[in-house]
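Below is one structure, written out as C-alpha cells; the observations come after it.
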Amino acid sequence: MPPPPPPPDAPRAPRRVDPVPGTPFAVVHLDVPAVTSGLAVGSLIAGVVSILVSFLVICFGVGGARLGGAWAAGAFTVPGALAGAAAIVAGLLARRQIRRAAPPPAVRFTGRGLATAGISCGGVGLVLSLLGLGLALLVQLA
C-alpha cells in the first residue's frame, strides 16, 4: 500500500491588505517566516572540522615522533587553523546578520546559538591545532 500523500500546506493569512484605489485589486503583504542563517550553520561545521583536524595534529605529533611526526603535524595544522579561523569569522558575521533589524517584508534570520557554538568550536580547534603543533615539536626535539 503506498504512503498517503502529504497534507496540503495551509495558506498563510495575509499580514496586511492594501486596496488599490480606483481598481478592484489589492496588494497583499504576507508574513515571511524566519530562516536559519547559512553562515551560522557553516560556522558550526567549520568549527567541528577544525576540532577533528586538531586531533589528527595531536595524534601525528605524539604518535609519530620517530617517523617525522612534526612534519605531518605541521601539515595538518594549516587546514585545522584555517578552518578554526574561518569558523570564528563566519560565526561573527552570522551573529551580525541575525542581530540586524530588517523591515517586515525582508527575511529575518535565526541561529544565534549555532553561530555561538561555531565560534566556540572554531576557537577550540584553532588553539588545539597550535598546541598540538607545539607538542609535536617538543616531542620531536626530545
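Below, the figures for the structure above:
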quantity	calculated
Some residue of the range 106-128 being in contact with a Phe, Trp or Tyr (Cβ under 8 Å, 6 or more places away or on another chain) and on the phi < 0 side of the Ramachandran plot	yes
Some residue of the range 55-64 being open to solvent by 30 Å² or more (accessible area, probe 1.4 Å) and closer than 30 Å to ARG112 by Cβ	yes
From VAL89, VAL107, VAL139, residue being open to solvent by less than 60 Å² (accessible area, probe 1.4 Å), of a type in the set (A, V, I, L, M, F, W, C) and either within 30 Å of ARG16 (Cα to Cα) or assigned to a helix (DSSP H, G or I) (or both)	VAL139
Failed criterion for ALA13 (all others in (1) open to solvent by 50 Å² or more (accessible area, probe 1.4 Å); (2) closer than 19 Å to THR110 by Cβ; (3) at pLDDT below 80 hold)	(2)
Some residue of the range 62-75 being out of contact with any strand residue (DSSP E or B) (no Cβ under 6 Å at 6 or more places or on another chain), closer than 30 Å to PRO19 by Cβ and part of a loop (DSSP other than H, G, I, E, B)	no
Of all residues making up the range 110-136, the number that are surrounded by fewer than 18 Cβ atoms within 10 Å (Cβ to Cβ), small (Gly, Ala, Ser) and more than 22 Å from ALA72 (Cα to Cα)	2
Every pair of residues 6+ apart whose Cβ atoms lie under 6 Å, when the first sits in the range 25-40 and is free of Cβ contacts under 8 Å to residues at least 40 places away in the same chain while the second is open to solvent by 70 Å² or more (accessible area, probe 1.4 Å) and aliphatic (A, V, I, L, M)	ALA26/VAL17; VAL28/VAL17
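The values are calculated or read from the model by the stated rules, or taken from the named source; none is laboratory data. Since we're looking at a predicted model, the values are computed, not measured. Note that each Cβ is placed from the backbone with ideal geometry, even for glycine, and that neighbours are counted across all protein chains shown. Heavy atoms of the whole protein, side chains included, go into the accessibility calculation; ligands, DNA and RNA do not. Shrake-Rupley method; radii C 1.70, N 1.55, O 1.52, S 1.80 Å.
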